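To start, the structure under review is shown below, and the notes come after it.
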Amino acid sequence: VAIAPFVTARPFEMFRNDLGYMRQNVKVVGRCAGLTYSDLGATHQSLDDVAILRTIPGVTIINPGDPVDIVKAVHAAVEHVGPVYIKVGSPPMPVLMDEGYPFRIGKGVVMENGSDVTLIGTGTVLSKAAGAAKILKDKGIHARLINLHTIKPLDKELILKAAQETGKIVTVEEGYVAGG
């Protein structure tokens, strides 16, 4: 466990070669991820961690969206055989998920059903997506809200179903468009 860029960007070659290519059963936690360490500047921000780690075959990437997700992500990572990166932000996160929901690596969770638009949130900004869904609901727009806690493997089936059924998807994430 260390600040996210210090376990992803700086040691990328070791992460790729020693963990990913060798399929080691190692779990890495990047804390203070995204912009949550912003007061220390760009060297401490991790907007590219997901982008660079997605390129490594066999690495699972989990980006939990609330405290319940974090606990479930750790348990799932322990049970998973192979390298896992868990991205965790710094500020206190509101509880959004019910403790009884089934956390499965590679499977997003529909938090609210809706037919007008789909909002997909991941990580520390899931709460922003949930807030946007509430604002839209107050305006008569029924948003489907998805917690996409696993970035790799991506729940393509859920995303394609949402796109087909709502026709519009907005993602809320901390990272570059090319790497999210």
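So the values come out like this:
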{"item": "Choice from Gly123, Gly114, Gly34 with maximal GNM fluctuation in the chain (Cα, 10 Å cutoff)", "result": "Gly114"}
{"item": "The stretch 21-36 - phi-based ³J(HN,Hα) in whole Hz, Karplus 6.51/-1.76/1.60, Gly and Pro as x", "result": "4, 8, 6, 6, 7, 10, 10, 10, 10, x, 9, 6, 6, x, 9, 5"}
{"item": "Antiparallel %, DSSP beta bridges [both residues in the chain], to 5", "result": "30 percent"}
{"item": "Share antiparallel - DSSP beta bridges, the stretch 1-87, percent rounded to 5", "result": "10 percent"}
{"item": "Residue among Asp138, Asp69, Asp18 with the largest mean-square fluctuation in a Gaussian network model of the chain, springs linking Cα atoms under 10 Å", "result": "Asp138"}
{"item": "Correct option for Cα extents along the principal axes in Å [calculated from the coordinates] among [x] 50, 35, 31; [y] 43, 36, 34; [z] 95, 66, 30", "result": "[x]"}
{"item": "Percent carbon-and-sulfur accessible area, the chain, ignoring ligands, DNA and RNA, probe 1.4 Å", "result": "57 percent"}
{"item": "Distant-in-sequence amide H partners of Met111 (H built 1.01 Å from N, under 5 Å)", "result": "Leu145, Ile146, Asn147"}
{"item": "For the chain: accessible area per residue (Å², 1.4 Å)", "result": "51 Å²"}
{"item": "Net charge, Leu19 excluded, C-beta distance under 13 Å - Lys, Arg +1, Asp, Glu -1", "result": "+1"}
{"item": "Cβ crowding within 10 Å averaged over residues, with 46-58, 158-170 ranked highest first", "result": "46-58, 158-170"}
{"item": "For the stretch 40-141, Kirkwood radius (reciprocal of mean inverse C-alpha pair distance, Å)", "result": "15.2 Å"}
{"item": "Under 5 Å, built H, 5+ apart or other chain: amide partners of Ile3", "result": "Arg31"}
{"item": "Within a Gaussian network of the chain (alpha carbon springs, distance under 10 Å), most fluctuating of Lys152, Lys87, Lys128", "result": "Lys128"}
{"item": "Rel. contact order, % - alpha carbon contacts under 8 angstrom, at least six apart, the chain", "result": "24 percent"}
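The values are calculated or read from the model by the stated rules, or taken from the named source; none is laboratory data. Keep in mind that what you see is a predicted model, and the values were worked out from it rather than measured. Quick reminder, even Gly has a Cβ in these numbers, built from the backbone with ideal geometry, and neighbours come from all protein chains shown. Side chains included, ligands, DNA and RNA excluded: accessible areas come from the protein's heavy atoms. Shrake-Rupley method; radii C 1.70, N 1.55, O 1.52, S 1.80 Å.
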